[in-house]
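The values are calculated or read from the model by the stated rules, or taken from the named source; none is laboratory data. In this text the structure is predicted, and so the values were computed from the model without any measurement. So basically every Cβ, Gly included, is an ideal-geometry build from the backbone, and we count neighbours across all protein chains shown.
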Amino acid sequence: MPETAFGRIVTHSDFDGIVSAAICSLATGCGRVIFTGPNSIARAEVSVGPSDIVCDLPYPLDCGMWFDHHPGNLDAIRLRGIDPAGIPGRFEAKPSCARVVLEYFSDKGLDPPEHMAATVDEADMIDSFDYRSVAEWREETPGKLVDMSIKSDFADFREQTRFLERLTGMVSDMPLAEIASDQEVASRIESYRAGEERMMRLIRESASFLEQDTDHELVIMDFTHHRRKPRVIRNLAYMLYPGALGALTINSLFQRGTKTNDISITASLSMNMTGRDHGKDMGEIMRSLDIGDGHAGAAAGTVHCSSKDQMLREKKRILEEIWSMWKAMPAG
């Protein structure tokens, strides 16, 4: 492993972020990894400095290298008057950040382990949600099994961090199929499967359609009435509504366990849209609303509110605007 000039890798705490961190660690020798999310970077809750590599997250105030693939994050840099060409690392609108990282370091002479090509292929599919049917999405590939383990419930942040650190090391060293058979990973996969039943029940209780959505194109799952944030995989809605073209979830945001008036909105296209020549773009909707970013097939945003009344008004307004933009985009 090479000597490193970097102190930490700060990465997204999802499958793509973990694979990105594993490749960065192989290429630079940096073994310390911090896992976080886009909102924490945007709110400067995580201290990031010139010795840090940042992966699959918005560009912070400063860092040593930055790798990303979300167009909205590139737009945000330009709005700050920063020339992206002057930032060490690479931005490219690829299906996954892991793809950006692998190609960058391969261009710099990295000879990645033989298993890494297949691992990044899985990251491309999982992060872009480029499935052509519910059956294809539900097929349990090694990457999807490992992704399940990441999405399992953790007792606390420390337990999650320890698991993700170990997982990042395994992604560097071995194929995904071997990782999925690891005792701890396999146990977490089973825990996730058990949790899916609870998620399906929550979706049944919370799903609805806008009154104007007479063809039931967009499933809306509103969980803001919960006192604690429920763990729900948005795309499970397609098991209950196979004819839907997209799905939205609305959650209250929590800070240190306390529910706030801020809400997060996530969106995805269903497998019914894959392979069709259409103009539906969830990422563009989030960017147009100036609340977030994403890809055509999957996106997320945040709405800040000062009171519950404002939250209710904003939620109604934004859902109506999302619907208007959705209908204005070609269906193919």
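Taking first residues from segment 185-202 that are surrounded by 13 or more Cβ atoms within 10 Å (Cβ to Cβ) and partners that are assigned to a helix (DSSP H, G or I) and β-branched (V, I, T), the Cβ contacts under 9 Å between residues at least 6 apart in sequence or on separate chains come to V185/V146; V185/I179; R188/I150; I189/V146; Y192/I150. In segment 135-209, counting only helices (runs of 4 or more DSSP H) that sit wholly within it, the ones holding 2 or more residues that are of a type in the set (S, T, Y) span 157-173, 183-206.
So that you can scan it fast, the table gives a plain yes or no per residue for (1) in a helix (DSSP H, G or I); (2) under 23 Å from A296 (Cβ atoms); (3) in contact with a Pro (Cβ under 8 Å, 6 or more places away or on another chain):
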{"site": "D75", "(1), (2), (3)": "yes, yes, no"}
{"site": "R78", "(1), (2), (3)": "yes, yes, yes"}
{"site": "I82", "(1), (2), (3)": "no, no, no"}
{"site": "A85", "(1), (2), (3)": "yes, no, no"}
{"site": "V100", "(1), (2), (3)": "yes, yes, no"}
{"site": "S106", "(1), (2), (3)": "yes, no, yes"}
{"site": "L110", "(1), (2), (3)": "no, no, no"}
{"site": "E122", "(1), (2), (3)": "yes, yes, yes"}
{"site": "I126", "(1), (2), (3)": "yes, yes, no"}
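Any idea how many residues of segment 1-52 are farther than 15 Å from M65 by Cα, modelled with pLDDT of 95 or more and touching a Pro at 6+ places or on another chain (Cβ under 6 Å)? Final tally of qualifying residues: 0. On the stretch given as segment 15-40, residues that are in contact (Cβ under 8 Å) with a residue 24 or more places away in the chain and either within 14 Å of the chain's Cα centre (by Cα) or not assigned by TED's automatic domain parsing to the domain that holds L61 (or both) total 11.
Yes or no: R228 part of a helix (DSSP H, G or I), over 17 Å from K316 (Cα atoms) and over 18 Å from the mean Cα position of the chain (by Cα)? It is false that R228 is part of a helix (DSSP H, G or I), over 17 Å from K316 (Cα atoms) and over 18 Å from the mean Cα position of the chain (by Cα).
A search for C-beta distances below 8 Å between a residue of segment 207-222 that is surrounded by fewer than 11 Cβ atoms within 10 Å (Cβ to Cβ) and any residue that is modelled with pLDDT of 95 or more, counting only pairs 6+ apart in sequence or on different chains, returns Q212/W323. Return a yes/no flag: does segment 92-100 have any residue that is without any contact (Cβ under 8 Å) to a residue 24 or more places away in the chain, of a type outside the set (A, V, I, L, M) and surrounded by fewer than 18 Cβ atoms within 10 Å (Cβ to Cβ). Yes: one or more hits. If you take the residues in segment 1-44 that are touching a helix residue (DSSP H, G or I) at 6+ places or on another chain (Cβ under 8 Å) and among the acidic types (D, E), which one is surrounded by the most Cβ atoms within 10 Å (Cβ to Cβ)? Among residues in segment 1-44 that are touching a helix residue (DSSP H, G or I) at 6+ places or on another chain (Cβ under 8 Å) and among the acidic types (D, E), the one surrounded by the most Cβ atoms within 10 Å (Cβ to Cβ) is D16. Based on this model, can you work out whether L240 counts as surrounded by 15 or more Cβ atoms within 10 Å (Cβ to Cβ), farther than 23 Å from T36 by Cα and out of contact with any His (no Cβ under 8 Å at 6 or more places or on another chain)? Criteria not met by L240. Looking at segment 101-117, can you tell me whether even one residue there is without any contact (Cβ under 8 Å) to a residue 60 or more places away in the chain, closer than 30 Å to Y238 by Cβ and out of contact with any helix residue (DSSP H, G or I) (no Cβ under 7 Å at 6 or more places or on another chain)? Yes, segment 101-117 contains a residue that is without any contact (Cβ under 8 Å) to a residue 60 or more places away in the chain, closer than 30 Å to Y238 by Cβ and out of contact with any helix residue (DSSP H, G or I) (no Cβ under 7 Å at 6 or more places or on another chain).
Would you call S133 among the hydroxyl-bearing types (S, T, Y), out of contact with any Lys or Arg (no Cβ under 9 Å at 6 or more places or on another chain) and closer than 17 Å to S25 by Cα? So S133 fails the test. Quick one: in segment 248-283, of everything that is surrounded by fewer than 18 Cβ atoms within 10 Å (Cβ to Cβ) and among the small types (G, A, S), which residue is nearest to S206 (Cα to Cα)? Here the answer is G257. Being closer than 16 Å to V171 by Cβ and of a type in the set (A, V, I, L, M, F, W, C) is the filter here, so list the residues in segment 101-136 that pass it. Across segment 101-136, the qualifying residues are V101, L102, F105, L110, M116, A117, A118, V120, A123, M125, I126.
Residue under question is A180, and the condition is that it be crowded, with 17+ Cβ neighbours inside 10 Å and in contact with a Gly (Cβ under 9 Å, 6 or more places away or on another chain); does it hold? Judged against the criteria, A180 is a match. Scanning segment 231-269 for residues that are touching a Cys at 6+ places or on another chain (Cβ under 8 Å) and assigned to a loop (DSSP other than H, G, I, E, B) yields nothing. Candidates are the residues of segment 135-156 that are of a type in the set (S, T, Y) and surrounded by fewer than 21 Cβ atoms within 10 Å (Cβ to Cβ); the one that is nearest to D14 (Cα to Cα) is S152.
Of all residues in segment 207-235, those satisfying the criterion of being at pLDDT below 95 and of a type outside the set (K, R) are H225, H226, P230, V232, I233, N235.
In the condition set (1) in a strand (DSSP E or B); (2) more than 29 Å from Y59 (Cα to Cα), D277 is compliant with all but (1).
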